[in-house]
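Participant: Got a structure here, written out as C-alpha cells. Questions coming.
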Amino acid sequence: MASKTTLNAKNLEALGAARLAELLIDISTGNAAAKRKLRLELVAEKSPKDVAREIAKRLTSIANGKSAITWKKRKAFIDDLQTQRRGIVERVGPHDPAEALVLMWRFMGLTNPVILRCQGSDDDVFEVFCAACGDLGKLVIAANQKAELLVDSIFEALCRNSYGQYDKLLPDIAPVLGASGLAELRRRFEGIVKDVEARAQTNQKNTKQSTTDFVRGHADRRTLHDAKRALRQIADAEGDVDAFIAQVEPNIRRIPQNAIHIARRLLAAGRPADALEFLEAAELEEDDWDRIAWQDARLEVLEAMGRTGEAQEFRWACFERDLSAEYLRAYLRKLPDFEDIEAEERAVEIAMSDPQLLAALQFFIDFRSPARASELLVKRYKEIDGDRFEYLTPAADALAASHPLAATLVLRAMIDFALSKARSKRYRHIAAHLATCAELAPKIEDFGHFETHDAYLARLKEHHGGKQGFWAYMK
C-alpha cells in the first residue's frame, strides 16, 4: 500500500482545492510555460472558442520569435509546443474539428522557422512536429474537409517540407484526397519539375551567369528536390511503384539506401525479380552503413522468389563476413533436425579462429554462449585490447556470474591499459574494475597459469605505485 506521502493524484487530492491552488501559484511563479499551461486550463473551462483564440495568440508569438533556442531553453520551449499541440487536439478538436484543423496547420507552419532557431541538435524539437503531423491527418478526417479544398493546403505544405515534417501526411489522408485529388497534386508538382528543368537547360547554355542567376539556380535545385520527394510520396499513395522509381535519378539508384527503398516497393507490388535487379546493382562499400538493411532486403527477395537454397547460402555468407549471431540463428532455424548441430559447431570453429578477437567475443555474447566466450578469452587473453572498453565492459558484466575468471581477464586488460598509458580520466572506472576483481576472486576455483588476485594487486603496486590519482580512488 502506498504511503500517504507518496506523490500521486490521490494523495494530492487530499490536500484540498484551496491548498492545491496555492501550490500551483507558487510553482508557476517565474515559470512562463507553467503559467501558460494553467491559463489554458482556466480558459478551457470557459469555452472552447476562447481556448482556440488563446492558442492562436501563442502560435503568433512563437512565429514572431527571433531569438536562438539554446540547449538551456530547449526543455521549456518543447514543453510550450506540446502544451499548444495538446490544447488543439484535446481542447479544441472534440468541439470544433474545423477550427482545430486551422490551428494545426498554423502549428505545423512553425516547423521550418523554429528548426532554424535551434542551436545544436534539433531532433527533440522535430519529434514534436512529427507527432503533430499525425494529429493533422486525424483532424483532416474529423473535419470532413472537401478534397478540392484540401489539395491546396497539401500542395503548400509539401512545398515547405524542408525537413520532412510532412512525410507521413499523405499516407493518412490519401483516402480523403481520392484518386482525383492525388492526380491534381501530381499534375502540380510535375509542372514545377518541368519548369525548373527548363530553366536549368537555359542556364547551361548561358555561359555568363550573374550572382542573381547563381542564387536562383541554388533555389531551383532545392525546389526540384522537394518536388521530386513530393512526387515519390504521391506515387506511394497511388501504389504506383514505377512512378516512384521515375522520380529517383538514374545516377543515384545505385546508392544502397535508394536501391533498398525501390526494391521493397517492387517486392510489395509482387515483382521480386525486378527488386533483386535493383539490389544487385547497388554499389556497396566495404563498411557501408546500409549493408545490413541491404542484406535483409536481398534475403526477403530471394525467399519471395522461392530461391531458398540461395537464401541459406547468403545467410551463411553474412554470418561469416560479420560473425552475426542474428544471421546464424536464422540459418540454423531453417535446417533439418541434427544438421543444425553440425552447422553450429562449424560456426563456433570459425568464430574461435577469427583474427578479430573482439568480433568473436561479441558474437559469443550475442549468441548467448558465455562458455564459448570464456574459452575464447582464456585461450587468447594476450590479444585483449584494453582500450576497447565499450566492448569489454558489457562483456565482463555478462560473464561475471558464470565465468568469473574470463570476466577478471577482461577487467584486468582495461586496468593494465589505462595504467600503462596513464589515462587518468579512466582511473575512477578501472578502480571500480579492480574492486570487482576482488569480489570475483573467491569465486574462481582455479586461476591456472594466471596470477591470483593478490599477486596481480602486488604487481600493480610495484609497477604503478606512483600513480596517486588511481590509488586515491581505491581508498
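The values are calculated or read from the model by the stated rules, or taken from the named source; none is laboratory data. All values derive from a computational prediction rather than experimental measurement. Cβ atoms come from the backbone with ideal geometry, glycine included; neighbour counts cover every protein chain shown.
Participant: Let me confirm something: among Ser324, Ser353, Ser374, which residue is exposed (fewer than 15 other Cβ atoms within 10 Å of the Cβ), outside the structural domain of Ala396 (by TED's automatic domain parsing) and hydroxyl-bearing (Ser, Thr, Tyr)?
Facilitator: Matching residue, one of Ser324, Ser353, Ser374: Ser353.
Participant: Another question about this same structure. Condition test on Lys194, is it at pLDDT below 95, more than 20 Å from Leu158 (Cβ to Cβ) and surrounded by fewer than 19 Cβ atoms within 10 Å (Cβ to Cβ)?
Facilitator: Criteria not met by Lys194.
Participant: So, restricting to helices (runs of 4 or more DSSP H) that lie completely within segment 387-475, which ones have at least 3 residues that are surrounded by 13 or more Cβ atoms within 10 Å (Cβ to Cβ) and in contact with a Cys (Cβ under 9 Å, 6 or more places away or on another chain)?
Facilitator: Because the criterion is at least 3 residues that are surrounded by 13 or more Cβ atoms within 10 Å (Cβ to Cβ) and in contact with a Cys (Cβ under 9 Å, 6 or more places away or on another chain), the helices (runs of 4 or more DSSP H) in segment 387-475 that meet it are 404-420, 453-464.
Participant: Test Pro404 against the criterion of being farther than 24 Å from Asp287 by Cα and either under 31 Å from the mean Cα position of the chain (by Cα) or not assigned by TED's automatic domain parsing to the domain that holds His463 (or both), and give yes or no.
Facilitator: When the stated conditions are applied, Pro404 does not pass them.
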